[in-house]
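The values are calculated or read from the model by the stated rules, or taken from the named source; none is laboratory data. For clarity, every value in this text was computed on a predicted model and none was experimentally measured. Cβ placement follows ideal geometry from the backbone for every residue including glycine, while neighbour counts extend to all protein chains displayed.
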Amino acid sequence: MKNIASKLGDSLKSTYKEVSNQTQHTLDFTKDKAEIIALKNDLKRLYLSLGICYFDYKVEQIEFDEENLFSQIDDLHQQIYELENILETTKKTQKDSFSEFKHEVKSTWQEESNVANNLKFCANCNMGNPLENTICSNCETSLD
Ligand SMILES: [Zn+2]
């Protein structure tokens, strides 16, 4: 059992080392999400292995490296926690920049429509004239 646990530990170690290296350089949302799922699956396997080790310990008094297994589980929990934070930040940044974009479009559109509301358009040449004008500043057609 000790062998299975330590083998598992080694493969987990390289998995989350890899994950933390990659997340430093990427804001790829889907990828982060997939990595969290992978880590959570690793965690499940680790808990399963813990259960097996305990069972063997209780039934057959087979010793196992409890401390090592616990610290691996702790590390994995920490790793998942950090990844989830990165994911949240990414999500929020994307949402904020999209809202900002929408707000910009909206206010630009409003500005333009405000300008349009404050103009009299000439029926002849379509020129926008100040509201107080009675004749078009371009073609002198009456604006009334
Ligand atoms: Zn005109």
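Remarks
- Only one of S107, S137, S71 that is without any contact (Cβ under 8 Å) to a residue 12 or more places away in the chain, part of a loop (DSSP other than H, G, I, E, B) and either more than 30 Å from R45 (Cβ to Cβ) or away from the ligand (no atom under 16 Å from the Cβ) (or both): S137
- Yes/no for K106 being more than 26 Å from K31 (Cβ to Cβ) and surrounded by 12 or more Cβ atoms within 10 Å (Cβ to Cβ): no
- Some residue of segment 29-52 being modelled with pLDDT of 80 or more, of a type outside the set (V, I, T), surrounded by fewer than 13 Cβ atoms within 10 Å (Cβ to Cβ) and not in a helix (DSSP H, G or I): no
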